[in-house]
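This report refers to the structure that appears directly beneath it.
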Ligand code: NCD
Ligand code: ZN
């Protein structure tokens, strides 16, 4: 079975050019200008006026399965991913049960093999007592080890210094760390509760989960990584001060990253503190969305290479669980369906180029975690592709939302870009509003 995508502008590896892509079964067969060689049996997709990008690889999602499926599940969230142009996701271990032993990890792969519409893998979660399991992890099937150096949703805090030393000395896989100092946060929370009562307003969230809390924990994580020469990927970096600690990777082309890299999320790149007034706890996430100057620093980090990856930290909760203030409302928000179009909007605003977007959302996550045969538009690679159309205004309303929670912080927002088609392993998984829910993705291979 062959598919020909005709006449789009292909954006890949620092270049843009108009061309055609031939897909044979799962694989990109050729890229170029087709004038002959058709049999007439091919499926043809006209991409005139559109841009063709490698499918987005989201290195940070919480699909909530098993155990928290009232919020989300692999079927619903992978459907949202397909509709958003995301063809690969790495899911986090704060599910029920937590993904902190090999059996729980295998169970997630079993679930995904019947439910996930796009390609999948899962982080292994570090705890205060499971480093002895690291040798049992298959480096070819998972991206890395998730470490909560700050407490967040799911009670996975690792806070013993001797355990942190063991994790950084024994991990052979990249460590992706959530960095927030829980001691500082608890002290801030106690102060705010004294002033405001049991549930301080959500606008206090970035003052409770403060810059100091982020900086202390990120500094500690980097110190551990350097001391043990361990690969550290800092999840959802949020402040200008932390960014000063990160070395630019400058869109490496040889696959070599500095020891310490950073992820920024779409939410932290798009929103700032002023948005609490309108959106309240809907944009309450850990680490908190902070000052506009922090957002500007993150945006400049996209350009200068200090941010290596844009993820979503897609973390759906029921709207009822988002009620209350800085203490009572849960932290986390859904984003995966709108991550690519939001970043395309930032391209229009001149925050980054289209080529940089592709680096940050597809090439770099593939390089950093050594994903096999994905993340680039190259002959012989898996045909994971997204076709996006500019100048097509549409407004986010509940009817478009595929995530099970049924709400989005982007409701009411008008985008100029839309995702027109998504191909996952050569399969036309999303076609102008319709996800092929009969399709199941593949486990991602690494290294
Ligand atoms: C995440 C969640 O809800 O699982 N919440 C969040 O605010 N980011 C957990 C996390 O990544 O910290
Ligand atoms: Zn997260």
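Out of all DSSP beta bridges with both ends in the chain, state the antiparallel percent to the nearest 5.
In the chain, DSSP labels about 50 percent of beta bridges as antiparallel.
Grab the eigenvalues of the alpha-carbon gyration tensor for the range 303-447, scale each by 5, take roots, and send me the semi-axes largest first in whole angstrom.
26, 19, 18
State the percent of C-alpha pairs, over all pairs in the range 158-244, separated by a distance greater than 15 angstrom.
61 percent
Take the eigenvalues of the Cα gyration tensor for the chain, scale each by 5, and report the square roots as semi-axes in whole Å, largest first.
Whole-Å semi-axes of the equivalent ellipsoid: 34, 24, 21.
Using the scaling law 2.2 N^0.38 Å as the reference, what is the normalised Cα Rg of the range 59-122?
0.99
Can I get the semi-axes of the range 233-368's equivalent ellipsoid? Compute them from the C-alpha gyration tensor as square roots of 5 times the eigenvalues, in angstrom, largest first.
26, 15, 14
How much length is gained on full extension from residue 193 to residue 392, taking 0.36 nm per residue of separation minus their Cα-Cα distance?
Additional length available on full extension: 67.0 nm.
Let me test this: with uniform point scatterers at the alpha carbons of the range 62-212, what is the Debye-based log₁₀ I(q)/I(0) at q = 0.14, 0.15, 0.17, 0.20 1/Å?
Results for the range 62-212 at q = 0.14, 0.15, 0.17, 0.20 Å⁻¹ read -0.78, -0.86, -1.01, -1.17.
Please work out the ratio of the alpha-carbon Rg of the range 1-124 to 2.2 N^0.38 Å and round it to two decimals.
Dividing the Cα radius of gyration by 2.2 N^0.38 Å gives 1.33.
Using a basic spin-label model with each label point 7 Å from the Cα along Cα→Cβ, how many nm lie between residue 139 and residue 434?
4.5 nm
Sorted by mean Cβ packing within 10 Å, highest first, what order do the peptides 285-298, 410-423 take?
Listed from highest to lowest mean packing, they are 285-298, 410-423.
Could you work out the helix-only [θ] at 222 nm for the chain, with each DSSP H run of four or more residues adding -39,500 (n - 2.57) and the total divided by the number of residues, to the nearest 500 deg cm²/dmol?
-7500 deg cm²/dmol
By how many nm would the segment from residue 109 to residue 16 lengthen if fully extended, with 0.36 nm per residue of separation less the alpha-carbon distance?
29.9 nm
For a label point 7 Å from the Cα of residue 1 along Cα→C-beta, name the residues of the range 422-447 whose backbone N is under 16 Å from it.
422-431, 435-442
Calculate the spin-label point distance for residue 303 paired with residue 370, positioning each point 7 Å from the Cα along the beta-carbon direction, and give it in nanometres.
3.4 nm
Here, each number is a calculation from the coordinates, and none is a lab measurement. Here the structure is a predicted model, which means the values were calculated and not measured. No Cβ is skipped: glycine too gets one built from the backbone with ideal geometry, and neighbour counts run over all protein chains shown.
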